[in-house]
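Here's the structure, in structure tokens; my notes come after.
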Amino acid sequence: MSDRELKGYLRDSLGQGAEIKPGKKAETVMRCAEVMRRYGDCGEEERTGFWQFLSDVFRFEGLSIFGLQTGVLFLICIRLGTIDHVSYYIPAFTPLFALAVIPPLLRSQFYKMSEMEAVTRASGAETILAKLVLAGAANLVGITVVLGLVMYRRQSGEGIGRIILYGLVPYLVCMTTILRLIRLRRRERIPVCAVVTIAYCVVWGISANRMPLVYETSATGLWIVLFLVFGGFFGREIGVIAGRKREGKLYGIIG
């Protein structure tokens, strides 16, 4: 196309030249429609189901999620093998499973990809929920192994209900805190989540050493209350994530 022809085409396109001939316009429309029919799909694309999306997240994130949980489990098992009154120290170790969840959950923030994740077809909430499902499955296995090791060390199945509470309550406290920090904080969520979780481990460890009465049979009611309260808080956060997933919204604030 010569410069003169290009200028004429641009003038016509901007409405500054001669009036476009109706026949040419109809021909252009017809050719565009033919191109769309041949190469375009005008129908609404089917959305990916959550379980298919979960499978995709597992393919890309599964190794890191399960690898971190396995590493934490290995370290906990080694440490529990050298401690007396091992059941008292369960609350000091199960929060480490929550700590291992932080890197996969906040990977997009670490790599400064939060904005890109927010505008993808799968909402940020759906991504968080999928990672939580995978991490929760790994956590359940890890905590079960830890509790089994404790029962083996004690050579007794007595008080298994209290031991389960010792493992679950601190984990629920940490996971609820982490999710709320992700939802409410704009910046520095990774270090804050990590520091808070480690602080919980230290507090539970001190309580095992300085306040053994907290782990006696008489305190079982307190543990049950804590389990119900923080189980409710954790369930509420999961409900918030699920609600934002349905609405296609982001969970948390882009930092």
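Would you list Glu237, Glu247, Glu216 from the most to the least accessible area, probe 1.4 Å?
Descending order: Glu247, Glu216, Glu237.
For the pair Thr220 and Val240 in one chain, pulling the backbone fully straight at 0.36 nm per residue adds 4.2 nm over the alpha carbon distance.
Can you send over the carbon and sulfur percentage of the accessible area for the stretch 49-172, probe radius 1.4 Å, protein chains only? Walk me through the numbers on the way to the answer.
On the way: 4150 of 6050 Å².
Carbon and sulfur: 69 percent of the exposed surface of the stretch 49-172.
For the stretch 155-255, the solvent-accessible area works out to 54 Å² per residue, with a probe of 1.4 Å and every protein chain left in place. A probe of 1.4 angstrom, applied to the heavy atoms of all protein chains, finds Met30 with accessible area near 120 square angstrom. Please list the non-local residues whose amide H lies under 5 Å from the amide H of Tyr251, H modeled 1.01 Å from N, same-chain partners needing a gap of 5 or more. The list, which skips near neighbours in sequence, is Gly124, Ala125. For the residues Ser218, Ser207, a 1.4 Å probe over the protein chains yields an accessible-area ranking, largest first, of Ser218, Ser207.
Placing unit charges on the Cβ atoms of the charged side chains and taking the dipole of the stretch 144-231 about its Cα centre, the candidate lying farthest along the positive direction among Tyr171, Ile190, Val214 is Ile190. Ordered from largest to smallest accessible area (heavy atoms of protein chains, 1.4 Å probe), the residues Lys131, Lys249, Lys112 come out as Lys112, Lys249, Lys131.
The values are calculated or read from the model by the stated rules, or taken from the named source; none is laboratory data. Worth saying up front: this structure is predicted, and the values here are computed from it rather than measured. Glycine also receives a Cβ, built like all others from the backbone with ideal geometry; neighbour counts cover every protein chain displayed. The area values use the complete protein model at the heavy-atom level, side chains included, leaving out ligands, DNA and RNA. Shrake-Rupley method; radii C 1.70, N 1.55, O 1.52, S 1.80 Å.
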